[in-house]
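Participant: Just passing along the structure, written as structure tokens.
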Amino acid sequence: MFYTASAENDLLEAWLYVAEDSVTAADRMLDQIEAEAIRLLDQPLMGRERNELSSDMRSWPTSTPYILFYFPNEQGLVVARVLHHARDIPAIALWPKH
């Protein structure tokens with residue numbers, strides 16, 4: 001599994017936001033997101049197709065308020081972004097290449 005720089009930045013921003021109230025909760029949230037990304041490795045096509053955003057992109061709503069946007073590939077997954085569900089997802093125009 002590979003996280004793009006954009007995805008890593010998304011995770012850092014999410015952690016910083018939650019950590020303002022609780023570092024423990026922020027750590028727990030990132031652990032949950034990581035665990036769910038790892039579970040997707042078993043069935044990477046399980047996520048919803050998101051071709052309207054980028055060719056071959058899929059998304060998976062985590063048990064947190066964040067959605068994984070990823071590309072399945074031969075090595076597993078490329079996590080392109082990790083965005084809060086309340087964001088205007090289609091308005092985010094700069095999707096990383098996989």
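The values are calculated or read from the model by the stated rules, or taken from the named source; none is laboratory data. Model, not experiment: these values are computed from the prediction. Quick reminder, even Gly has a Cβ in these numbers, built from the backbone with ideal geometry, and neighbours come from all protein chains shown. Accessible surface is based on the protein model in full, side chains and every heavy atom, while ligands, DNA and RNA are left aside. Shrake-Rupley method; radii C 1.70, N 1.55, O 1.52, S 1.80 Å.
Participant: Report, by residue number, each residue of region 43-56 that is buried (at least 16 other Cβ atoms within 10 Å of the Cβ) and within 29 Å of residue 25 (Cα to Cα).
Facilitator: Correct list: 44, 47.
Participant: If you don't mind, another one. Does residue 72 fit the bill of being in contact with a His (Cβ under 7 Å, 6 or more places away or on another chain) and open to solvent by 30 Å² or more (accessible area, probe 1.4 Å)?
Facilitator: no
Participant: Just to be sure before I move on: is residue 35 of a type in the set (A, V, I, L, M), surrounded by fewer than 16 Cβ atoms within 10 Å (Cβ to Cβ) and more than 10 Å from the chain's Cα centre (by Cα) in the structure I sent?
Facilitator: Yes.
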